[in-house]
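Okay, handing you the structure first.
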There are 2 protein chains.
Amino acid sequence: MKFSTQDLTYIKRCFELADKGRGFVSPNPFVGTVIVKDGSIIGEGWHKNFGGAHAEVIAVESSNEEIKGATLYCNLEPCCHFNKQTPPCVPLIISKEISRVVISNLDPNPNVNGNGVKQLRKAGIRVDTGILEDEGKEVNKFYFKYVIEKVPYITIKIAQSIDGKISADKDVQTWLTGEDSVKYVHQLRDRYDAVLVGANTIKVDDPRLTVREVKGRDPIRIIIDGDLSVSPDSNIIKLTGDEKTWIFTSENSHQEKIEQFEKLGIKIFQLPADKKKLDLDGILKELGKESITSLLVEGGRQIFSQFISQELFDEIVILQSPKILGKGISAFETNGIKKLKIKKTERLGEDLKIVLVDRQ
Amino acid sequence: MKFSTQDLTYIKRCFELADKGRGFVSPNPFVGTVIVKDGSIIGEGWHKNFGGAHAEVIAVESSNEEIKGATLYCNLEPCCHFNKQTPPCVPLIISKEISRVVISNLDPNPNVNGNGVKQLRKAGIRVDTGILEDEGKEVNKFYFKYVIEKVPYITIKIAQSIDGKISADKDVQTWLTGEDSVKYVHQLRDRYDAVLVGANTIKVDDPRLTVREVKGRDPIRIIIDGDLSVSPDSNIIKLTGDEKTWIFTSENSHQEKIEQFEKLGIKIFQLPADKKKLDLDGILKELGKESITSLLVEGGRQIFSQFISQELFDEIVILQSPKILGKGISAFETNGIKKLKIKKTERLGEDLKIVLVDRQ
């Protein structure tokens with residue numbers, strides 16, 4: 001199928017609109033809709049928050065013109081199922097007598113997955129699918145993973161020196177990257193449902209894991225802390241009030257300390273543990289149940305090593321500093337060679353961002 | 001000074017022409033010349049081999065038109081001194097009544113360094129200097145270093161995994177990079193006067209260090225081997241006949257083995273050594289005396305560590321493979337943090353090339 005330049009322009013506008021929902025609609029997908037008639041956009045919308053109106057509905061409502069005979073562009077297949085918070089979009093599109101629908105991706109949700117398109121076609125509407133399919137999947141990479149596997153899309157973020165070190169010595173904080181990389185990390189936090197670190201990172205770096213360098217909303221902050229050893233005086237624990245700090249700990253952790261943390265507004269998850277080491281699969285399933293569709297893993301070495309050796313990642317983002325540390329601690333240690341694929345590189349001020357994905 | 005679009009076009013052509021001399025003119029600079037009259041190129045030339053005619057002379061001779069009144073473009077200031085193999089170019093330019101000369105860089109050679117320009121101006125010729133000055137310096141970066149410091153321009157080339165390892169274990173050869181990177185390394189060898197490795201790399205990898213994957217000429221192959229422990233059965237030693245293998249060893253090495261190697265056509269340099277460790281500065285000065293203006297350091301770990309910790313490099317080229325080794329040997333170990341600057345990045349097939357230089 002060949003799409004026209006106009007089709008490409010309008011579907012890209014859908015991607016832009018979809019992106020505005022990022023950070024607010026989880027576990028729903030990012031969806032943008034454009035309605036076009038006689039070569040002009042007569043309606044636009046995007047899915048703004050979980051449980052709120054769908055992009056298609058907002059686009060229809062935004063229009064002051066006669067929609068009959070128009071073309072509707074949408075990055076994701078319109079929904080057709082009822083077991084959710086809002087009525088399905090397909091009947092609305094049919095009732096408005098829209099004549100053509102252009103879609104990037106079918107909705108991988110088993111409740112939809114082609115059925116929306118089928119119903120539209122049955123109603124005599126021309127439906128063209130697959131326009132900028134890869135770009136559409138990139139926009140909704142969190143959703144595509146989550147809706148099938150019920151666990152979050154995982155990005156491991158590592159800031160390292162040219163010689164692959166994350167710090168000059170054990171348990172020492174070493175600043176490697178420049179201003180632009182720091183901003184980028186805050187942008188990432190704004191876009192992910194949750195960020196995750198190990199207890200040792202809290203002890204050594206004492207981070208807040210909030211979004212400060214850019215405008216944005218804070219993600220859920222997750223700490224893996226088998227024996228609940230994090231200090232109540234840590235910056236992250238002192239961030240009370242927003243109920244956004246979650247700690248995963250062993251079922252054997254002291255009840256007293258658990259209660260102390262819970263009083264501070266920390267949410268505690270207790271899991272079975274083998275020698276205080278928590279099972280990552282168990283944590284990810286738990287996060288899935290909590291509607292966390294995307295997870296940014298920020299360290300440290302033990303956490304990186306566990307996620308990478310268990311191949312629990314969708315993307316690794318290396319923030320490559322132009323510094324030489326000469327000696328020190330590597331970001332992770334694993335067994336066996338693993339081949340990845342460089343998906344993207346980008347200069348971030350003095351640093352270099354390298355995005356790696358599975359070789360497939 | 002503002003230069004016209006035409007000026008930029010013609011000086012870029014000079015860079016292209018200059019580049020054709022690469023690999024053949026050392027220790028001379030790379031020089032290209034274009035002669036332009038009435039908006040057309042009427043003569044072109046480049047310096048083709050050491051001791052041969054200069055680019056300006058070849059350009060003048062290549063022209064069938066009347067040169068009087070033309071503009072001569074040259075990436076490097078024309079020479080004006082006599083203590084060398086060919087007569088100076090400045091008198092030729094004056095005698096041909098060229099009316100304007102456009103130059104990227106003054107010749108840093110203390111015998112020229114502005115004197116060429118002065119003589120041209122004294123003869124009434126308009127001379128404009130500094131066009132694409134940085135690009136010109138990049139073309140002649142080997143020469144700019146060598147002519148002042150009398151030691152070669154040093155590029156350290158490291159192929160490493162995402163986690164900064166060069167091999168999975170000590171004394172084990174690990175193939176990390178893909179086809180395009182291998183080709184690039186052969187291109188580098190073709191462009192450098194010499195390549196250098198330590199004796200351990202010969203033992204573990206048994207490389208030939210020749211140019212095979214691309215069309216080109218072989219560089220001088222230098223081995224640092226304090227106790228002359230390299231086997232006569234090594235591939236590199238068996239490459240007899242071209243007289244291009246040089247070994248730097250201690251003055252205490254066995255005379256018998258030295259003679260054995262010399263019979264095979266190997267050139268042996270004996271230097272004072274502290275516990276069989278040779279002084280790199282001494283080696284570089286010796287290479288300078290041998291007119292080696294550019295040196296590609298190819299490893300291994302001990303050699304990298306020595307060059308980097310003594311800050312004996314102008315450029316580090318990282319060939320970043322998308323593989324994870326998980327554990328293994330780092331490319332080098334040094335003391336203290338060193339800040340570099342990313343000069344350039346480029347995709348080489350599956351790999352990523354990162355060029356680093358001093359922060360300045």
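If the label for residue B:100 sits 7 angstrom from Cα along the Cα-to-Cβ line, what are its distances to the same label in every other copy, in nm to one decimal, shortest first?
Counterpart label points of residue B:100 in the remaining copies fall at 5.5 nm.
Between copies, how far does the label point of residue A:16 sit from its twins, in nm, shortest first, when each point is 7 Å from Cα along Cα→Cβ?
Values, ascending and in nm: 3.9.
What does the structure give for B:150-161 when I average, per residue, the other chain Cβ atoms found within 10 Å of the residue Cβ?
Numbers: counts 0, 0, 0, 0, 0, 0, 0, 0, 2, 0, 3, 4.
Going residue by residue through B:150-161 and averaging, the value is 1.
Let me ask something else about it. Residues of A:49-58, mean number of Cβ from any other protein chain within 10 Å of their own Cβ, rounded to a whole number? Could you put the intermediate results ahead of the total?
On the way: counts 0, 0, 0, 0, 0, 0, 0, 0, 0, 0.
If you average over the peptide's residues, the count of other-chain Cβ atoms is 0.
Can you pull the one-decimal nm distance between simple spin-label points at residue A:86 and residue A:150, each 7 Å off the Cα toward Cβ?
Taking the two extended label points, one gets 2.5 nm.
Per residue of the range A:67-82, in order, report the coupling 6.51 cos²θ - 1.76 cosθ + 1.60 (Karplus, θ = phi - 60°) as ³J(HN,Hα) in whole Hz, putting x for Gly and Pro.
7, 3, x, 7, 9, 10, 9, 8, 5, 10, 3, x, 7, 9, 10, 9
I would also like to ask the following. Which aspartates and glutamates have a Cα lying under 17 Å from the Cα of residue B:257, excluding residues fewer than 8 positions away in the same chain?
B:225, B:227, B:233
Let me ask another. For residue B:167, which sequence-distant residues (separation of 5 or more, or a different chain) have an amide H within less than 5 Å of its own amide H, given hydrogens modelled in the peptide plane?
B:329
If you keep only loop residues by DSSP, which trypsin sites (Lys or Arg not before Pro) in the range A:201-279 have at most 10 other Cβ atoms within 10 Å of their Cβ?
A:215, A:275
If you take the charge dipole of the range B:150-358 about its Cα centre, with +1 on Lys and Arg Cβ and -1 on Asp and Glu Cβ, which of B:176, B:321, B:303 is farthest toward its positive end?
B:321
Does anyone have the angle between helix A:179-191 and the longest principal axis of chain A? Alpha-carbon axes, 0 to 90°, nearest 10?
That helix lies at roughly 60 degrees to the long axis.
Which value in nm describes the separation of the simple spin-label points at residue B:214 and residue A:346, placed 7 Å from the Cα toward the beta carbon?
3.0 nm
Also, quick follow-up: Using θ = phi - 60° and the Karplus curve 6.51 cos²θ - 1.76 cosθ + 1.60, what whole-Hz ³J(HN,Hα) does each residue of the range B:42-48 get, with Gly and Pro shown as x?
10, x, 9, x, 9, 6, 9
Going 7 Å from the Cα of residue B:170 along its beta-carbon direction, which residues of the range B:329-343 have the amide nitrogen within less than 17 Å of the resulting point?
Answer for this model: B:329-334.
Taking a label point 7 Å from Cα toward Cβ, how far is residue B:178 from its twins in the other copies, in nm, shortest first?
Distances to the matching label points in the other copies: 2.8 nm.
Which percent, to the nearest 5, of DSSP beta bridges fully inside the protein assembly as shown are antiparallel? Show your work: numbers first, answer last.
Details: 60 of 134 bridges.
In the protein assembly as shown, DSSP labels about 45 percent of beta bridges as antiparallel.
Counting only other residues whose beta carbon sits under 10 Å from that of residue A:253, what net charge do I get with K and R as +1, D and E as -1? Before the final figure, lay out the partial values.
Details: positive: A:257, A:276; negative: A:225, A:227, A:251, A:256.
Its environment carries a net charge of -2.
Counting only other chains, and only Cβ atoms inside 10 Å, what mean value do you get across the residues of B:329-336? Let's see the in-between values first.
On the way: counts 0, 8, 4, 5, 5, 5, 2, 5.
Mean partner-chain Cβ count within 10 Å for B:329-336: 4.
Moving on. So what's the angle, to the nearest 10 degrees on a 0 to 90 scale, between helix A:5-19 and the longest Cα principal axis of chain A?
In chain A, helix A:5-19 runs at an angle near 40 degrees to the longest axis.
No solvent, one uniform scatterer per C-alpha: report log10 I(q)/I(0) for the protein assembly as shown via the Debye equation at q = 0.05, 0.06, 0.09, 0.10 1/Å, two decimals.
-0.38, -0.53, -0.96, -1.05
Between residue A:151 and residues 5 or more places away or on another chain, which pairs have amide H atoms under 5 Å apart, with H built 1.01 Å from N, and which residues are they?
Distant-sequence amide H within range of residue A:151: zero hits.
With a cut-off of at most 14 other beta carbons within 10 Å, and DSSP calling the residue loop, which GluC sites (Glu not before Pro) in the range A:209-278 qualify? Please list them. Walk me through the numbers before you get to the answer.
Numbers: sites: A:213, A:243, A:251, A:256, A:259, A:262; in loops: A:213, A:243, A:251.
Passing sites in the range A:209-278 are A:243, A:251.
If you average the sequence gap of Cα pairs under 8 Å that are 6 or more apart and divide by the length of the range A:122-190, what percent do you get for the contact order?
Values: 24 pairs, mean separation 9.6, N = 69.
Value for the range A:122-190: 14 percent.
Placing +1 at every Lys and Arg Cβ and -1 at every Asp and Glu Cβ, with all other atoms neutral, what dipole size does the range A:152-358 have around its Cα centre, in debye to the nearest 20?
On the way: 32 positive and 34 negative charges, 106 e Å.
Computed charge dipole of the range A:152-358: roughly 500 debye.
Same structure, new question: Go ahead and run the numbers for FRET between residue B:38 and residue B:111, Cβ-Cβ distance against an R0 of 35 Å, rounding to 0.05. Before the final figure, lay out the partial values.
Working: r = 35 Å, r/R0 = 0.99.
Efficiency for this residue pair is about 0.50.
Which whole-Hz ³J(HN,Hα) couplings does the range B:275-281 yield from phi under the Karplus relation 6.51 cos²θ - 1.76 cosθ + 1.60, θ = phi - 60°, glycine and proline marked x?
3J(HN,Hα) across the range B:275-281, in whole Hz: 6, 6, 8, 7, 7, 4, 4.
Right, next: Looking only at chain B, where both bridge partners belong to it, what percent of the DSSP beta bridges are antiparallel (to the nearest 5)? Kindly include the intermediate steps, with their values, before the conclusion.
On the way: 28 of 65 bridges.
Roughly 45 percent of the DSSP beta bridges within chain B come out antiparallel.
Rank by packing, highest mean first: peptides A:131-140, A:24-33, with packing defined as the count of other Cβ atoms within 10 Å averaged across residues.
Values: A:131-140: 18.4, A:24-33: 24.6.
Averaged packing, sorted descending, gives the order A:24-33, A:131-140.
Name the chain A residue nearest the rotation axis between A and B, going by Cβ position, and give the distance in whole Å.
That would be A:164, 1, residue then distance in Å.
A further question on this structure: What is the dipole size for chain A, taken about its Cα centre, with +1 at each Lys and Arg Cβ and -1 at each Asp and Glu Cβ, in debye to the nearest 20? Kindly include the intermediate steps, with their values, before the conclusion.
Details: 52 positive and 52 negative charges, 118 e Å.
About 560 debye.
Just so you know, all these numbers are worked out from the coordinates, no wet-lab data involved. Predicted, not measured: the structure shown is a model, and the values here were computed from it. Counting neighbours? That spans all protein chains shown, and the Cβs are built from the backbone with ideal geometry, glycine included.
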